[in-house]
1. Just tell me which lysines come within less than 22 Å, Cα to Cα, of Lys8; anything on the same chain fewer than 8 places away is out.
2. Between Gln90 and Arg48, what's the calculated FRET efficiency when r is the beta-carbon distance and R0 is 25 Å? Round to 0.05.
3. For the ranges 94-100, 82-88, 23-29, what's the packing order if you count other beta-carbon atoms within 10 Å of each residue, average per peptide, and put the highest first?
4. Can you spot the aspartates and glutamates whose alpha carbon is less than 20 Å from Lys77's alpha carbon? Ignore those fewer than 8 places along the same chain.
5. Net charge around Val33, counting only other residues with Cβ within less than 13 Å of its Cβ (Lys, Arg = +1; Asp, Glu = -1)?
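We did not get these values from a lab; they are worked out from the coordinates using the rules stated. These figures come from a predicted structure and were not determined experimentally. Here Cβ is always computed from backbone atoms with ideal geometry, including for glycine, and neighbour counts include all displayed protein chains.
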Amino acid sequence: MSKIEEVKAKIRNGEIEEAMAMAMSEVMKIEIVTTTNDQNNSSSSSYRTFIDLLQNEIEHDLGENQVENLHFQEVEKAHEKILQNAQSLQKMFNILQTNISEFN
């Protein structure tokens, strides 16, 4: 069962706090992939970064130098994106908790 299905099942069972904890652990992760194609010589470059704030892990998989600056600009924005995701998720669970009686 996927994480999203597990979260949905917990919500259906009224386990809102457990669903929130599970969803929050996933929202603290982000993967950024940047790929470019060079039309002149038909080559491509890609960079991948995986950030897990809960585990305090950052993994980089870097290719050629063509898009390095662009990629790291996106990595710098990652914390902002994670915070936005966490805030949205928290709002959603607050709404669910407020309206839980309608689900039962």
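1. Lys29, Lys91
2. Calculated transfer efficiency: 0.35.
3. Working: 94-100: 11.1, 82-88: 13.6, 23-29: 16.9.
My ranking of the peptides, most packed first, is 23-29, 82-88, 94-100.
4. Glu26, Glu31, Asp52, Glu57, Glu59, Asp61, Glu68
5. -3
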